[in-house]
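Worksheet: the structure to be examined is printed underneath.
The values are calculated or read from the model by the stated rules, or taken from the named source; none is laboratory data. Quick caveat: nothing in here was measured; it's all calculated off a predicted structure. When we count neighbours, we look across all protein chains shown, and the Cβ atoms used for this are built from the backbone with ideal geometry, even at glycine. Remember, those area values only see protein heavy atoms, side chains included, never the ligands or the DNA or RNA. Shrake-Rupley method; radii C 1.70, N 1.55, O 1.52, S 1.80 Å.
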Amino acid sequence: MASCCKLSDLFPIQSQLDSALEDAKTQEDKENLVYQYLRKTDEKADLIIPDFEEGLEWLNTDGPLSLRKELTGKVVVLDFFTYCCINCVHLLPDLHQLEQSYTIEDGLVVVGVHSAKFPNEKVLQNVRSAVLRYDITHPVVNDSDASLWQELEVSCWPTLVLLGPRGNLLFSLVGEGHREQLFLFTAAALKHYREQGLLKDHDVEIKLYRDSLPPSILSFPGKIAMDPSSKRLAIADTGHHRVLVVSNTGQVLHSIGGPSSGRQDGNLFEAQFSSPQGVFIKGDTVYVADTENHLVRKINLSEGKVSTLAGTGIQGTDKEGGAPGPQQPISSPWDVTLGNAGGDVLWIAMAGTHQIWALFLEDGKLPKGSDSKKGTCVRFAGSGNEENRNNAYPHKAGLAQPSGLALAPTEHWECLFIADSESSTIRSLSLKDGAVKHVVGGERDPLNLFAFGDIDGKGIDAKLQHPLGVSWDEGSSLLYVADSYNHKIKVVDPKTKQCRVLAGTGKAGNGLGPSFLESIFNEPGGLCLGEGGKLLYVADTNNHCIKVLDLETKTVSLFPIVVQQEVDAVLTTAISNTPAVKKLPKLPKSAPVFTMPSITVPSGHSVTLLLKLALPAGTKLTEEAPSFWSLSAEGNEWLLEGRAVTGSISDLSEPISIVSSIPVAPESTDPTLTLNAWVYCCLSEGGACMMKAVSFKQPLLISSTSEEGSVAVMLEHAF
């Protein structure tokens, strides 16, 4: 290690290049300067960096990579990042485009070096979820102790380090916004070393973790909101790049966008989003923070249209605003909520510029601000510096990464509560005078963004870890907090500044209780109240589901998402790899129907149906007309969420195993599973072909006992 270099060894040389590039007139001049620089660095034999430590955990590869083995002969871009950081997220599109321009065979390999800020980010499973959530397709190493970061003396997230084919230092780029230099340096390095014959075209085996995952109805849901009048919920199905509007029983009423990312206005069938986060629903209008498109969108359900209210579709750097919405560049809006400032206004948590913005839906005026016309999009609070700075003047306050908003419209408060994730605080923003104040978490030093933890307490003594969501309960004057990296739901009394845990164990996982404190979450990102403050809906992001906390009975249940056959867009349903049957045939009147004796299944466990069918002698299955089964639970569709509901029958020599998990029942009645089977067969000697069918009805009695294991039932029939 002693012979290896660090970034400071490169700075004196690269600073001369950076200065010369600023004075260069043409692209050719810039390229020539970079080639001269590369020849100069090649003369220095002491710019070799240390290799990755042995034993580190790798993602998106078949195994560990080494700068001395697999990556020799390649130009390597090391991306030092931590997945909570919005600046690191902003860099990913540049890296993606770079990988589209130059392949591994061309000599380029991008490696993400995850160097955690928060303790929660050191856990491999959490890094894996982030890699999936951000659609990272290059190799990522979980350097949980930041060993290479320290060896190279990296100081900022994000930092890019470009290496030559010997593991030799070429360039470093600190922060976001260096796309031009990144492409210039990469193209020049590839050309330079190709001409020298030092590049190798060998493959580096990429094995994407996402390819091994089963489909799910939700994918990393970010936020959730409810319209109290209609009791409809809007869910940001972030990983599927869509917004779902569902009834309070979970029936999907509208699906807009997805399954892939895009940017398009228009009718509900053709509209596209890119990793939407914040949602707010009122009547037939849904407002959406379309995060990775850098847009604020409006879904008009009655007209069946999606339109853009703010943003140009390109990440903005403007920290003042004031232009009409569609002409105003914005940066990574993370949440939205509707309020009033002399007229309707949409408050925006602008994570990308560390500010709170206002989009005027009617003429109005901000506290300590000038009049604003309808359609204007303007900064309300935050200097744009990433800080934990409170101030009576909103423009002088500093926010770290506002990620969740809750409006407290009562006469006593009249404020916005802000989940400021990177400072691990909850802040308040007065709608009377614009003052930004501390509520809980963090510490007094405005530049210390590392004051996190998991401690109940008052004000600054309470500690949170990267909270992403807040929801205000007007009835009790309490604020509910998604303390995301502590995997907990907490409750705050803003009047006393007391903060305490409400639900969650503090360990990442997935479980429903039986009590609040025994329930398990995994980075919950959003939450909202419903049913007059009786229920708290939680977007349990890394568990790909919505959970419901009953604040009266102190129980937790899984919220059902019931997919209809046809809604506004094509839905990704959770089924097996067998192609779904588009339209099931009716059972013939001659098909026998068997009602089985009731069985008891502990809530949260599973029932396995073993289907055993026998054909008459001398017959065989018809390959040209595939046989299949279907499973349903009429009126209790929540029971089958995340399970296969159809499947093929290709072999009758062994029983067919059909498994369904039984979550805690939100209904009071016990469900009945209906298993139908259609078998197409023909005589072995080429005689007539026929279709045979049978139906089994299996009543279930769901028990609240804590027994372990599953229940298996054999369903047999001889045709």
Report task. Please work out the Kirkwood hydrodynamic radius for the range 30-109, using every pair of different C-alpha atoms, and report it in angstroms with one decimal place. Result -> 15.3 Å
Requested in this report: Enter the Cα centre distance for the pair the range 293-345 and the range 379-433, rounded to the nearest angstrom.
Outcome: 19 Å
Requested in this report: Sort 421-427, 188-194 for me by packing, meaning the mean count of neighbouring Cβ atoms within 10 Å per residue, highest on top.
Outcome: 421-427, 188-194
Query raised in the report: the chain: percent of C-alpha pairs farther apart than 35 Å?
Result: 51 percent
**Report entry** Cα lying deepest toward the dipole's positive end in the range 46-187, options Pro93, Pro119, Ser144, charges on Cβ
**Finding:** Pro93
Requested in this report: Answer rounded, prolate or oblate for the range 349-473, using the Cα gyration tensor with square roots of eigenvalues a ≥ b ≥ c: rounded when a/c is under 1.5, else prolate when a/b is larger than b/c, else oblate.
Outcome: prolate
Query - Helix-derived mean residue ellipticity, 222 nm - over the chain, DSSP H n ≥ 4, -39500 (n - 2.57), to 500 - result: -3500 deg cm²/dmol
Report summary line: To the nearest Å², the heavy-atom accessible area per residue of the range 499-545 with 1.4 Å probe amounts to 34 Å²
Report summary line: Two pseudo-spin positions, 7 Å from Cα along C-beta at Thr496 and at Ala392, lie apart in nanometres by 2.9 nm
Report summary line: Mean separation of Cα contacts under 8 Å (at least 6 apart) over the residue count of the range 100-247, i.e. the relative contact order in percent, is 18 percent
Requested in this report: Report the extension gain between Ser703 and Glu414 in nm, rounded to one decimal, defined as 0.36 nm multiplied by the number of residues separating them, less their alpha carbon distance.
Outcome: 99.5 nm
Query raised in the report: In a Debye calculation with equal point scatterers on the alpha-carbon sites of the range 89-135 and no solvent, what is log10 I(q)/I(0) at q = 0.19, 0.33 Å⁻¹?
Result: -0.72, -1.21
Query raised in the report: Hey, what do the phi angles of the range 252-266 turn into as Karplus ³J(HN,Hα) couplings, whole Hz, using 6.51/-1.76/1.60 and θ = phi - 60°, x for Gly and Pro?
Result: 6, 9, 9, 10, 10, x, x, x, 9, 6, x, 9, 7, 8, x
Requested in this report: Report relative contact order for the range 215-307 in percent, whole number only (criteria: Cα-Cα under 8 Å, sequence separation at least 6).
Outcome: 22 percent
Query raised in the report: Which residues' amide hydrogens lie under 5 Å from the amide hydrogen of Gly175, considering only partners 5 or more residues apart or on another chain, with H built in the peptide plane?
Result: Thr159, Leu160
Query raised in the report: Arranged from highest to lowest average of other beta-carbon atoms within 10 Å per residue, in what order do the peptides 108-121, 365-378 appear?
Result: 108-121, 365-378
Query raised in the report: At a Förster distance of 51 Å, what's the computed FRET efficiency of Lys589 paired with Asp284, Cβ-Cβ distance as r, to 0.05?
Result: 0.70
Requested in this report: Go ahead and run the numbers for FRET between Ile13 and Phe183, Cβ-Cβ distance against an R0 of 22 Å, rounding to 0.05.
Outcome: 0.60
Report summary line: With all protein chains present and a 1.4 Å probe, the order of Met691, Met226 from largest accessible area down is Met691, Met226
Requested in this report: Would you please name the GluC sites (Glu not before Pro) within the range 306-388 that are DSSP coil residues with at most 13 other C-beta atoms within 10 Å of their C-beta?
Outcome: Glu320
Query raised in the report: On full extension of the chain, what length is gained from Tyr209 through Asp145, given 0.36 nm per residue of separation minus the C-alpha to C-alpha distance?
Result: 20.8 nm
Query raised in the report: Accessible area of Ile217, 1.4 Å probe, to the nearest 10 Å²?
Result: 20 Å²
Query raised in the report: Once amide H atoms are built 1.01 Å from N in the peptide plane, which residues 5 or more positions from Glu387, or in another chain, come under 5 Å H to H?
Result: Leu399, Ala400
Report task. Could you work out the relative contact order of the chain, using alpha carbon pairs under 8 angstrom and six or more residues apart, expressed as a whole percent? Result -> 8 percent
